[in-house]
Amino acid sequence: MEVGRLPISAALKGKLVSAGYTSLSLLSSLSPSHLARDLNISENEALDILKHAPHDGQVDTSSVHHIINGAQTAWDMLHEEELLTRITTSSVDIDNILGGGISCRDVTEIGGVPGIGKTQLGIQLAVNVQLPIHCGGLGGKAIYIDTEGSFMVERVLQIAEACSNDMSATNTVSQDVHAGKVGMQPRDFLENILYFRVCSYTEQIALINYLDKFISEHRDVKIVIIDSITFHFRQDFDMALRTRLLGGMALKLMKLAKKFCLAVVLLNQVTTKYAEGSFQLTLALGDSWSHACTNRIILYWNGNERYAYIDKSPSLRSASAPYAVTAKGIRNSVSNCKRIKLM
Amino acid sequence: MKPENLLVRPRPTQKCTTGCPVLDRCLGGGIPCRSVTEIVAESGCGKTQLCLQLLLSAQLPPSHGGLSASSLYLHSEFPFPSRRLHQLSRARPFDPRHDHDPLEYIFVHPLHSADHLLDAMPKMESFVENFKSQFPIRLIVIDSIAALFRSEFDNNPLDLKRRSSMFFKISGKLKLLAEKFDLAVVVTNQVVDLVAPNEGINGLRIGNLGCLDSSGRRVCAALGLAWANCVNSRLFLSRDKEIVSTVNGARDECGCELMHCRTRRKLHLLFAPHIPDTSCEFVITREGISGVCI
């Protein structure tokens, strides 16, 4: 019962309930004198009760259907979701199965075997988030948290160069729209990636706690990439402690994603799990962790081709799509065409 | 230390030359600093040769692709190949800046077990930190990591779990050292035979090559999936016998045709965050290991 949560005396609560005020929303548009009459209490006491009840007077006039402060109706949420932009992965096929790309306000986990292209995808997203909205980005900055030491500037520069070339190519096509606008230089892309190098799990936890403050000072950050969430948590950990730490971290990341409307991308490793007499491949960090992320994408080899598979998502159906890691970054797979051998 | 301090400007990665321009080109300039590079190969493919050569080329000045640095060589396979190292060092062109023998800038430490390696880590750190010289330590080679783990651990879930948590501990410390002192870390690893190809975990593909073949056998890197997560880049060296020509019609006493064989050695890049899938042939000579342009 919601009334039970009000910080008022038990006697007053009893009076409220017996008078029929069982839900806080019933109190929202009452005047103190009305309430005092109904409950047969003094106006001061009534005022006290209403002080704790949500003040929805002003909200009512703005015609948003708030019931409790901070709550939203599903209708509003749908509208908001339709406005949300997504960050392209630069592979049209992956974008298609993801409904346009990596979504904001969500925590997305991407896992796969070593060498499948997790870091490449991470770097690609850190670059793509900076693209203007019509190019599939959000025009924002990226936070890249490197726990494994696989972030190589020369590779980022390569991907940024390809991205900037692609952008100027599209700009010339639709020149009338973007006339006079200078395309982004590869250097700019690098400037907008805020890179944190984390060498232990304590640093990782401290950094994630600090992100809230950091992002409130850097509001233009639109994606947080952690490559990888796993590495420091696979060393000799007490499993119960690990589950607690990771759970706390996941909650904070989710909160960040919602609060600042940004995308959180966690890269994860794979491990083998012993089940029903055989070893199976699964993402690391255990079963409880699998609840921590809203979306889960698994990258895997299928023959000589790389594939991305949506393993978990509240809004997308399971699907897989091929992709390729090229000199330019993540791109569509070219399996049907002649494969260009990189040398 | 505050979380704010973890925000760093990404720096370009310095590379340590392998001592051969062809191999360097294949590896995008050499072995990267602040990163763990693994060399996987069966015995006799040239892992140790490449390591020894790296120890020497790290001493070259940056203008020659080196790091102007001393190096630390931890070996778990005995004995230490000091004669070969000496031979390689004499084959190098004389560097006038060196008033000392290049071998004086190579520090060797034996390893007996995985625990021994973990115990040695803090010592290594203080050694690297306190080593004041015009050639600071910028290269750590562990030859080999596999030998430390292949005897002590049983094939049961408990031991495997203990083993993989040790991998991550070791790798975490190595990466910390690499980051803190801007040094390159090279580890070597052995291979295991694939008995049942493409079945279950053993057929799991890691990296650019669908299957690894060496000496006509299908192999995969030792220490499994967990360790593969601990390294940043992985190289694979293979060798195969190739028939060059038959000695015209000559037969030995058993009636078999006499053939000239030669060993073809290849370096493959299995995965790396900064370079695409490449491969390159190489030879091992008296002067060392060098790539072959085809």
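The values are calculated or read from the model by the stated rules, or taken from the named source; none is laboratory data. Fair warning: this is a prediction, and the values are worked out from it, not measured in the lab. Counting neighbours? That spans all protein chains shown, and the Cβs are built from the backbone with ideal geometry, glycine included. Please note that ligands, DNA and RNA were not included when accessible areas were found on the heavy atoms of the full protein model with its side chains. Shrake-Rupley method; radii C 1.70, N 1.55, O 1.52, S 1.80 Å.
Remarks
- Considering residues of segment A:262-283 that are exposed (fewer than 14 other Cβ atoms within 10 Å of the Cβ) and of a type in the set (S, T, N, Q) only, the residue nearest to A:L121 (Cα to Cα): A:Q280
- Candidate set from segment B:12-32 (those that are open to solvent by less than 20 Å² (accessible area, probe 1.4 Å) and of a type in the set (V, I, T)); member that is nearest to B:Q53 (Cα to Cα): B:T18
- Annotation: A:S103 fulfils all but one of (1) in contact with a strand residue (DSSP E or B) (Cβ under 7 Å, 6 or more places away or on another chain); (2) closer than 23 Å to A:S150 by Cα; (3) among the polar types (S, T, N, Q); the unmet one is (2).
- Residue in segment A:241-255 that is of a type in the set (A, V, I, L, M) and within 12 Å of another protein chain (Cβ to nearest Cβ) present: no
- Residues considered: A:I145, A:I94, A:I159. Of these, the only one that is buried (at least 21 other Cβ atoms within 10 Å of the Cβ) and not in a helix (DSSP H, G or I) is A:I145.
- Taken together, B:S35, B:S57, B:S70, B:S89 contain a single residue that is open to solvent by less than 20 Å² (accessible area, probe 1.4 Å) and within 14 Å of another protein chain (Cβ to nearest Cβ), which is B:S35.
- Output for segment A:184-226, where each listed residue is closer than 22 Å to A:P132 by Cβ and part of a strand (DSSP E or B): A:I193, A:L194, A:V221, A:K222, A:I223, A:V224, A:I225
- Pick from segment A:189-217, criterion within 21 Å of B:F168 (Cα to Cα) and among the aromatic types (F, W, Y), ranking: least open to solvent (accessible area, probe 1.4 Å): A:F196
- Being at pLDDT below 85 and open to solvent by less than 60 Å² (accessible area, probe 1.4 Å) holds for only one residue in B:L194, B:L235, B:L267, and it is B:L194.
- Selected residue (criterion: farthest from B:L225 (Cα to Cα)) from residues of segment A:186-203 that are out of contact with any Asp or Glu (no Cβ under 9 Å at 6 or more places or on another chain) and within 9 Å of chain B (Cβ to nearest Cβ): A:L190
- The set of residues from segment B:162-181 being charged (D, E, K, R) and within 8 Å of chain A (Cβ to nearest Cβ) comprises B:K169, B:K175, B:E179, B:K180.
- Applying the criterion of at least 2 residues that are closer than 25 Å to A:A142 by Cβ to the strands (runs of 3 or more DSSP E) found wholly in segment A:227-343 leaves A:263-268, A:295-302, A:305-312, A:320-326, A:329-332.
- Consider segment B:205-219 and keep the residues that are within 16 Å of A:W301 (Cα to Cα) and modelled with pLDDT of 75 or more. The one that is farthest from the other protein chains (Cβ to nearest Cβ) is B:L212.
- Residues located in segment A:112-142, provided they are part of a strand (DSSP E or B) and within 11 Å of another protein chain (Cβ to nearest Cβ): A:G112
- Out of A:F231, A:F189, A:F237, A:F214, one residue alone is more than 19 Å from the chain's Cα centre (by Cα), closer than 19 Å to A:V107 by Cα and assigned by TED's automatic domain parsing to the domain that holds A:I102. It is A:F231.
- Identity of the residue in segment A:245-261, open to solvent by less than 10 Å² (accessible area, probe 1.4 Å) and closer than 18 Å to A:T85 by Cα, that ends up nearest to the chain's Cα centre (by Cα): A:A257
- Qualifying residue in segment B:179-191 (condition: open to solvent by 60 Å² or more (accessible area, probe 1.4 Å) and under 28 Å from A:Y201 (Cβ atoms)): yes
- When B:K173, B:K161 are screened for being within 30 Å of A:N302 (Cβ to Cβ), at pLDDT 85 or above and open to solvent by 60 Å² or more (accessible area, probe 1.4 Å), only B:K161 passes.
- Criterion violated by B:N155 - all others in (1) touching a residue at least 12 places away in the same chain (Cβ under 8 Å); (2) within 30 Å of B:A221 (Cβ to Cβ); (3) of a type outside the set (D, E, K, R) satisfied: (1)
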